[in-house]
1. Take GLN189 and GLU306, extend 7 Å from each Cα along the Cα→Cβ direction, and tell me the distance between the two endpoints in nm.
2. Assigning unit charges at the beta carbon (Lys, Arg +1; Asp, Glu -1) and nothing else, what dipole magnitude in debye, to the nearest 20, does the chain show about its Cα centre?
3. Please work out the Cα center distance from segment 228-298 to segment 186-208, rounded to the nearest Å.
4. Give me the dipole magnitude in Debye, nearest 20, for segment 170-231 about the Cα centre, with unit charges on the beta carbon: positive for Lys and Arg, negative for Asp and Glu.
5. May I ask for the net charge around GLN272, where only other residues with Cβ less than 10 Å from the Cβ of GLN272 are counted and Lys, Arg are +1 while Asp, Glu are -1?
6. Would you mind pulling out the separation of the Cα centroids of segment 5-69 and segment 88-160, in Å?
7. At 0.36 nm per residue, minus the direct Cα-Cα distance, what do LYS85 and LYS320 gain on full extension? Give it in nm, one decimal, please.
8. Take the Cβ-Cβ distance between ASP39 and ARG271 as r, set R0 to 45 Å, and report the resulting FRET efficiency rounded to the nearest 0.05.
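Taken together, the values in this text are just the output of simple stated rules run on the coordinates, not laboratory data. Predicted model, so just to flag it, every value in this text is computed and none were measured. So basically every Cβ, Gly included, is an ideal-geometry build from the backbone, and we count neighbours across all protein chains shown.
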Amino acid sequence: MNDSILNFRFDGLSEREIFDKPYRAGQIFKFIYENCIFDFNDMTNIPLNLRKSLSENFRILSIVESARRTSSDGVIKFLFELDDKNCVESVYLKDKNNRVTFCISSQCGCRMGCAFCKTGDMGLIRNLRADEILSQVLYLYKIMKGDASVVDKYFNIVFMGMGEPLDNLTNVETAISKLIDKKNLGISQTRITVSTCGIADKIEDLLKKFPNITLAVSLNSPEQSEREKMMPVSKKYPLNLLFQELKRLYGVYKNRITLEYVLIKGVNMRRQDVDLLSQIDKDIFHINLIPINVGGDDPRRPSEPEIKSFMDKLTAVGLKVTRRYRRGADINADCGQLFYEKFVEGVV
Ligand code: SF4
């Protein structure tokens with residue numbers, strides 16, 4: 001299989017002998033990153049013999065769309081096939097103002113085993129390479145360009161698809177460095193959110209390289225014993241250590257942090273949870289509530305009045321709280337639902 005041209009930085013590509021003129025790399029980057037042309041044969045102002053040579057030596061995207069489903073509320077979920085026939089899912093979302101977010105996968109499966117997440121049920125199949133991560137972004141960018149309802153040329157990227165980004169840190173960082181490179185997509189760091197289950201000793205590596213990135217940490221319970229049941233990773237990175245590190249990092253990088261909180265009835269919505277959460281530093285952390293999404297009529301999903309009551313209690317103790325509404329529920333595209341569906345059918 002040819003190497004993806006997405007693995008090349010502009011300088012590295014422009015030095016390749018394959019080019020007859022020094023400006024060719026610039027033309028090709030423009031075709032790929034500005035115009036979303038993913039076939040060398042469609043790069044019409046490149047000489048025919050060079051297009052042929054590029055096609056023989058490189059490819060552009062390293063994923064192939066295998067399936068797509070659109071939900072009743074306009075969310076599109078893609079299943080992408082990788083070289084080894086494994087698949088990952090990515091999601092294209094628009095808010096009510098038609099602002100677009102791409103939810104991107106960093107791994108095929110995940111080994112973190114969070115109890116509320118279907119990806120965790122798969123276990124880890126493998127890390128995605130940087131070009132596979134970039135390919136998802138570019139593919140969804142092309143979808144956005146063809147979406148007449150989108151007026152804003154900017155989009156957000158959230159690493160909240162399949163996988164734990166900090167468990168594949170090198171490749172995720174390589175992908176982000178290309179996403180923000182002005183010669184590539186040139187995305188602002190503030191438009192990129194990396195979500196982690198709390199791998200405390202790897203967060204600084206990311207912030208050192210990308211200090212303006214948005215960081216989200218999956219909290220889900222302020223009580224160590226309860227969190228360990230939901231998130232096995234908490235045994236290795238206990239809450240006291242995690243918060244100690246997050247506060248230290250805030251002191252260095254001033255990067256406010258979103259604490260993701262999956263609401264599970266009878267588990268983490270008790271008065272004692274409110275009391276413990278009230279002790280969180282309100283200048284640093286903001287809480288985003290996500291009613292559990294793992295099954296259609298999951299009895300653990302709280303009712304609307306229960307969600308509102310919990311949210312009111314948190315607000316009353318001075319916490320900044322938002323709530324994530326269900327999106328793409330009818331196509332299993334909402335939070336915690338991404339899953340390699342062929343995996344279930346025993347294709348791999
Ligand atoms: S929530 Fe994230 S870290 Fe946990 S199992 Fe799912 S993909 Fe992995």
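1. Label at GLN189, label at GLU306, 4.1 nm between them.
2. Rounded to the nearest 20 debye, it is 760 debye.
3. Each part's Cα centre sits 17 Å from the other's.
4. Charge dipole, segment 170-231, about its Cα centre: 420 debye, nearest 20.
5. -2
6. Answer, in whole Å: 23.
7. Additional length available on full extension: 80.3 nm.
8. Step by step, r from the Cβ atoms, then E = 0.15.
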